[in-house]
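K.L.:
Mind having a look at this structure? Questions to follow.
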Amino acid sequence: MAKKKKSRGRKIFKYILYIIIILFLSSSLYVIACKWIEPPITITQLGGLFEGYGIKRNYVGYGNISRNVKLAAIASEDQLFPEHGGFDWKSIDKSINGPHKKKRVPAGGGASTISQQVAKNVFLWQGSGWGRYIRKVPEFYFTQLIEWTWGKRRIMEVYLNVIEMGPGIFGIEAASKTYFNKHAKDLTRAESAMIIACLPNPKKFTVKPMSRRVQWRYPQIMEQMDNLEGDEDVEAVIKTP
């Protein structure tokens, strides 16, 4: 009887191990493939569809996105993006050892980095509660993997193409057409800052009609854009190919 239980336990262990290996290999291949192809659909986009908002999206290449948008995203969401490896360890060090003088500030005031947001938006799911804690380990895995295989410019390109920028509006091209009736490559500094200011809650912080939060936030983003303009590391990320 004991031998049968051990044999059954080994079979279950092998079965779980096989599943883990298959998931690891398939997810790794999908991440690598997404270095060149656009993600066909995300869980967040499906959520918007089921909530009745529909899906407005139109993926565009990096050269068809205004440098103003890229600069606004870094200025608002993750000023250390050009130099960190996916996680804002400097922010963690600051919380432990006290503040250090530096030009840039942590991601979104301490929120997820742009790399982490891409990992959650493309490969995982959004939300808080218990799901947030379950997501931590795969989020670390996917964040590191895209940093190792994609590079900063591809991460930024995917970020600006998949992130929600209004109810059912995904990506900067769809947002630009919806709010300003122009292509993403033609967005001005102010328009770029307005769109980015709707994050992290684009359903609540609306661009049009302009919510109080966006009205208050976008001038601050423009000020930070001025501060970062010309920074060598930032310019290497936002320049047109």
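The values are calculated or read from the model by the stated rules, or taken from the named source; none is laboratory data. Nothing here was measured: the structure is a model prediction, and the numbers come from that model. Backbone-built Cβ (ideal geometry, glycine too); neighbour counts: all protein chains shown. Only protein heavy atoms, including side chains, enter the accessible area calculation; ligands, DNA and RNA are left aside. Shrake-Rupley method; radii C 1.70, N 1.55, O 1.52, S 1.80 Å.
K.L.:
For residue 38, what is the net charge nearby, where nearby means another residue's Cβ is under 13 Å from its Cβ and Lys, Arg count +1, Asp, Glu -1?
P.N.:
It works out to a net charge of +1.
K.L.:
Using modelled amide H (1.01 Å from N, peptide plane; none on Pro or chain starts), what sits under 5 Å from the amide H of residue 56, excluding residues fewer than 5 places away?
P.N.:
169, 170
K.L.:
Moving on to the next point. Let me check something: with ligands and nucleic acids excluded, how do 229, 235, 173, 51 order by accessible area (1.4 Å probe), largest to smallest?
P.N.:
My answer, sorted largest first, is 51, 229, 235, 173.
K.L.:
Applying 1/(1 + (r/R0)^6) with R0 = 35 Å to the Cβ-Cβ distance of residue 126 and residue 14, what FRET efficiency is obtained, to the nearest 0.05?
P.N.:
Calculated value: 0.55.
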